[in-house]
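Shown next, in structure tokens, is the structure this report addresses.
The values are calculated or read from the model by the stated rules, or taken from the named source; none is laboratory data. Since this is a predicted model, take the numbers as computed values, not measurements. All Cβ positions, glycine included, derive from the backbone under ideal geometry; neighbour counts span all protein chains shown. Protein only, heavy atoms only, side chains kept; ligands, DNA and RNA dropped before computing areas. Shrake-Rupley method; radii C 1.70, N 1.55, O 1.52, S 1.80 Å.
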Amino acid sequence: MRDLVLASVLLWLMFKGFRHPWIGIIGWTWISIMNPHSFSWRLSELPVAAAMAGSTLLGILLTKDKISYFVSRESGVLMLFMLWMCITLPFSVYFDRSFVLWSRVMKIDFMILVAMLVLYNKKHIMALTWTLVASIGFYGVKGGIFTFATGGSYRVWGPEGSYIEGNNEIALALIMVIPLIRFLQMQLPASAKWASRGFSAAMVLCAASALGSQSRGALLAIAAMTLVMWWRGKHKLEMGLVLLVLGVALIIFMPDSWTERMSTIKTYDQDTSAGGRINAWWMAFNLASHNFFGGGFMVSSASLFALYAPDPNDVHAAHSIYFMVLGEHGFVGLFLFLLLWFFVWRSAGRLYRNQSSSAEDKWMSDLGAMCQVSLVGYFVGGAFLSLSYYDLPYNILILVVLACRLMDGKAKEDSPAAKLGLNPSASA
């Protein structure tokens, strides 16, 4: 029965994708982020994501809907980063293993670009936000209930076979989605008190689930993100007290084993896991210093550690979005990666600073603020986790780029020249 219901929903989304590609993108995002087909017996073995992507691409050729062909600075840098990864691929130390991951990353990034073609209005932005919140929030609510039910004695893990399968990875995804939940809560009317309480409960459960993963990087990320969210809030004293009480309550609830693990942050130099990460970071730096194109995907091998690591016997994954890209694609790849997120951060800040006098357009400022908070979680938590190519931050990129485009379009429409029927770009 479960397979039949899920198959019906997926087929409906594919059919709709032929006529309206933006619906196909929403369906593809749902599949890519949440992996709903992994809950079924039969569909988990089928190329569901490829079928959804195919229907969307075919829909672009058949649809009468608007297709927005434009290049922003973010999408331009993303395409340059994709091109650089194509250039570095032939120089990979382990080409066969690199090609598998390269193919996966290219598919994700290509669909991110497609999304920026077919999504263009507020309805699309809100639909994408809801999809991200529902997809990750499902695991957050479930994991939060599990954490409370078990007293935090067991770790929370992500969906098997996905980018966020590990406890560290699911924790960072949950942290990043909390500001998006808050954004949706901010759009509710004052009369929707029960819905607002539901969003608040979802945020608390997501936070509890992230803590229940026992990820130290996630703890640092949620602390940094909470600080920014508090700073952005209007009622700092009241909000600070609420966040403090919730934080203390959650930490007190966690067992002694959790407290002992988190306390190793202060003694990282004595922790074998932290030491292994630092060893891997030096390996990535030395590898990039000796190889202009980096080592390609999948460089965590004994042979490379023997050549470039301070401790050749301590083989670890990079566990850092920055050193992961550095080791795999060299300093040029790291530069493009950092430039991409610098532009996304600046654009989100531009949205936030656009304090429109119109209540109808206030959602853009709210979105920019919460996207920046989410990015803080990614930048801080990502320093200790290998999620350089995961879809979620790139979907935040989509939200920021599309909202900026709407804001700039509205600014042109509201300009004095436009109101007078003049074209300000026309030559004299």
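Quick notes on this structure:
- A viscosity of 1.567 mPa s and a temperature of 4 °C, combined with the Kirkwood radius over C-alpha pairs in the Stokes-Einstein formula, give the range 280-381 a diffusion coefficient of 84 µm²/s.
- Sequence ranges 319-326, 138-145, ranked by mean other-Cβ count within 10 angstrom, highest first: 319-326, 138-145
- Listed peptides 97-103, 29-35 by packing density, highest first (mean Cβ within 10 Å): 29-35, 97-103
- Debye equation applied to the C-alpha atoms of the range 162-249, log10 I(q)/I(0) at 0.16, 0.21, 0.23 Å⁻¹: -0.66, -1.08, -1.24
- Cα-based Rg and Dmax for the range 97-248, where Dmax is the largest Cα-Cα distance (Å): 17.0, 54
- For Phe285 and Glu160, the FRET efficiency from 1/(1 + (r/R0)^6), where r spans their Cβ atoms and R0 equals 35 Å, is about 0.60.
- Over the range 1-122, volume per residue of the alpha carbon convex hull, in Å³: 121 Å³
- Longest to shortest principal axis, alpha-carbon extents of the range 53-121, angstrom: 46, 27, 15
- Of all accessible heavy-atom area on the range 87-204, the percent that carbon and sulfur account for (1.4 Å): 65 percent
- The range 206-247: translational diffusion in µm²/s, Stokes-Einstein, Kirkwood Rh over Cα pairs, 37 °C, 0.692 mPa s: 302 µm²/s
- Once C-alpha pairs closer than 8 Å and six or more residues apart are averaged by separation and normalised to the residue number of the chain, the relative contact order reads 18 percent.
- Using just its DSSP H runs of length 4 or more, each adding -39500 (n - 2.57), the chain gives a mean residue ellipticity at 222 nm of -24000 deg cm²/dmol after division by all residues.
- Debye log10 I(q)/I(0) for the range 126-182, one point scatterer per Cα, at q = 0.19 Å⁻¹: -0.66
- Per residue accessible area of the chain, 1.4 Å probe, in Å²: 47 Å²
- Peptide ranges 275-284, 119-128 listed from the most packed, as the mean C-beta count within 10 angstrom indicates: 275-284, 119-128
- Out-of-range pairs (alpha-carbon distance over 31 Å; input Lys16/Lys122; Lys64/Lys193; Lys64/Lys142): Lys64/Lys193; Lys64/Lys142
- Cβ-Cβ FRET estimate between Ala249 and Phe138, R0 fixed at 22 Å, reported to 0.05: 0.40
- Added length on full extension, which subtracts the Cα-Cα distance from 0.36 nm per residue, Val5 to Phe331: 112.6 nm
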